[in-house]
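Accompanying notes for the structure given below.
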Amino acid sequence: MTAELVRGQNHPLSQSRLEIRISAGTPVAAAAALGDENGRIHGTQWVAHPGAPVQPGLEVSRQAAADHRLAVDLDAMTDAVHRVSVLLALPAANAGAGPARFGSVAAPFVAVTGLDGTEVASYTITGLDLESAVVALELYRRQGAWKVRAVGQGYAGGLAELFADQGLSEAAQLAAGIDEAVAKGLARSVQAPPPRTPEGDRSRQAAAPAVGPDQGAAPQGASGPVPPAYGGQPAGGQGQGGPQPAYGGATDPHAPSGGPVDYSHPRRQTSAPPPPPPAAPPAQPGQPARPVAGDATGWSMEERLYNQVWGMFEDLARTAAAYRSAVDFAESRMDKELEQALSDPRSRIGGQGDAAREAARARYTQLVDQARASLDRDLDQLVAESEVVEPALPPAFARWDNPCWHAYRVPMEIPMALRLGDLRLPEAESIRIPMLLRLPLERGLWIDSGRTDSLDGSFTDSHDMRRLAMDTAVAHAARLLAVYPAGEFTVHVVDPAGSGAQALAPLTQTGVLAGPPAQGAAGVTEVLARLTQRVDLVQMALRGGAPDALPPGFDTSQQLLIVNDFPHGFDDRAVNQLRYLVDEGPSVGVHLMMVADREESAGYGPLLDPLWRSLLRLTPVPDDHLADPWVGHAWTYEPPSVPPGSEVLRQVLTQVAEARRTWNR
């Protein structure tokens, strides 16, 4: 039976291998500090945190998340350790974004469980107000036995004040290091998928006009009124709702900050309910229902497919997490059985010991086989769903090898999202989940040209990486140009040394660029000055409440700047302008795509760290760097690739260029 603790109450622990499960309702950083019998921390090596997540007997999450699982093995603690304190902190408190105090969020819940998930004790941390860091609970050793105590001690000064109170001399440095590790995690995180509808399975829900997966009382896709963009049109395009969660995104930056929120869609106030989604064909007795493309909720087929892809992402994440948890449990159970069976020295040798070992391994194999069978069953269903969904995707969601590109026409409206590549997990090599990014872009992109080896172990030298990174950037830019209506997306290129000329050929030869790639320091200065001036003008117009008062002939389209070979050709002023575009540009339609190696810009020191953290890092080779904070998976990102010898990219860009010429007449 679970002991529900209140502040100061303790409870004995009968197990040595435990999990600390944390549910906070908002992303928090979790850490664990080891203390001596007086509670004193003897150094930074006594703290497990996102920057150093593993210590003897301890393992914590590597990034901020709303839910955490901390692994604790009390038997692995050294004799000097008498206390394990579980620490929570709001990572956004120092970054100026998100909640800055625990009093403004739901009370965190902490539970101590066994490896089988059975709760031993739980504690809801109430009474917090201005605190941004808290000691949630502590496991402590008393007369050879371990107990858990509910603490709930908060600190308004954050982790620095908390560590100082624990007697750590390097408190400020450690707190800064944790903040840095959490901030770096933002560049490799993907945003939560929309929650499932409460009625049941995603793929079996009929579209309903009153209830959607994002709000309990709003149509699907409605996330609040969207203010007019500087061009006078809604930022999401006609027929679309406000920006919704997306891979790598956060919350809607345009959401109102006070008063009641009107969740009604501005263009659906008098619209009829959407038609029902396609019906699944009857299933054979005893067989699962056959999947159908577009059977998720939504007001249009595009929205249904978008939500169906998110549901597939959710399904794969959950079934893989269940499999991993089952395997971990089987391993811990086998270890425990072997330890118990062989604790008697007389049974360590001979037939009795061999029989005990064989029995433990047999039970382990049985549990793993059962878990694998369940995983395979779920994967088979996902594969079947992927086989019907992938061919039905519109161009914005489709791979370059999808036949829909052969019937491509320049769209009249901005789509909900576009595909930036695929995501997969090692347990499901046959399944690729489209990585969809909501439009308009809410953060810039960074194509990392600095890695020297690919995920499969094949060596890739620096020259090849730069070429692959630039090819990837061109593919992303081409897709952005293809999914926007004519004249609503403009691409600029800064290529100071001219090293990207070959990769840029599809863009330059079809004439879709705003002008020739800027070269040399003078070219860099001219382009950056022009775009920063544009950001200033639009911001002044919006702040003055006069978005129509822009200069005659002002280009109101979305702008993308591709920067190659950074920091070559950039002086200090250009670097500051680049950071300004990264920080202020997305809100007024100016976006950045960096093709760069972070190590090559190390000469600027920490000046550029905020720039890298604000960009969504993508790679030109498969790389397992994208993490989700809900289950803790490291997803392998696979960049988009044009089939070898295919002319689809040039054909699409040629149509875009022709549509732009017609639109400008």
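Observations on the structure shown:
- Near pairs, Cβ below 9 angstrom, 6+ apart or cross-chain, from region 417-433 (free of Cβ contacts under 8 Å to residues at least 60 places away in the same chain) to any residue that is in a strand (DSSP E or B): 430/424
- Test set (1) in contact (Cβ under 8 Å) with a residue 60 or more places away in the chain; (2) within 20 Å of residue 643 (Cβ to Cβ) - residue 403 fails condition number: (1)
- Tally, over region 300-342, of residues that are hydroxyl-bearing (Ser, Thr, Tyr), assigned to a helix (DSSP H, G or I) and surrounded by fewer than 20 Cβ atoms within 10 Å (Cβ to Cβ): 2
- Filtering region 611-657 to residues that are open to solvent by less than 30 Å² (accessible area, probe 1.4 Å) and assigned to a helix (DSSP H, G or I) leaves 611, 612, 648, 649, 652, 653, 656, 657.
- Residue in region 471-484 that is out of contact with any strand residue (DSSP E or B) (no Cβ under 6 Å at 6 or more places or on another chain), closer than 18 Å to residue 568 by Cα and either part of a loop (DSSP other than H, G, I, E, B) or modelled with pLDDT under 95 (or both) present: no
- Taking the criterion of being part of a strand (DSSP E or B) and of a type in the set (D, E, K, R), the residues of region 126-155 that qualify are 138, 141, 142, 147, 149.
- Lone unmet requirement of (1) among the β-branched types (Val, Ile, Thr); (2) in contact with a helix residue (DSSP H, G or I) (Cβ under 8 Å, 6 or more places away or on another chain); (3) open to solvent by 70 Å² or more (accessible area, probe 1.4 Å) for residue 44: (3)
- Checked against (1) touching a helix residue (DSSP H, G or I) at 6+ places or on another chain (Cβ under 9 Å); (2) not in a strand (DSSP E or B), residue 563 passes all but condition (2).
- Among the residues of region 76-116, not one is assigned to a loop (DSSP other than H, G, I, E, B), at pLDDT 90 or above and open to solvent by 60 Å² or more (accessible area, probe 1.4 Å).
- Only one entry of 369, 378 meets the criterion of being of a type outside the set (Lys, Arg), in contact with a Ser or Thr (Cβ under 9 Å, 6 or more places away or on another chain) and on the phi < 0 side of the Ramachandran plot, and that entry is 378.
- Scanning region 568-610 for residues that are of a type in the set (Phe, Trp, Tyr) and surrounded by 15 or more Cβ atoms within 10 Å (Cβ to Cβ) turns up 570, 580.
The values are calculated or read from the model by the stated rules, or taken from the named source; none is laboratory data. On a predicted model such as this, the values are computed, not experimentally measured, just so you know. In this analysis, Cβ positions are derived from the backbone assuming ideal geometry, glycine residues included, and neighbour counts consider all displayed protein chains. Note: areas computed on protein heavy atoms with side chains; ligands, DNA, RNA excluded. Shrake-Rupley method; radii C 1.70, N 1.55, O 1.52, S 1.80 Å.
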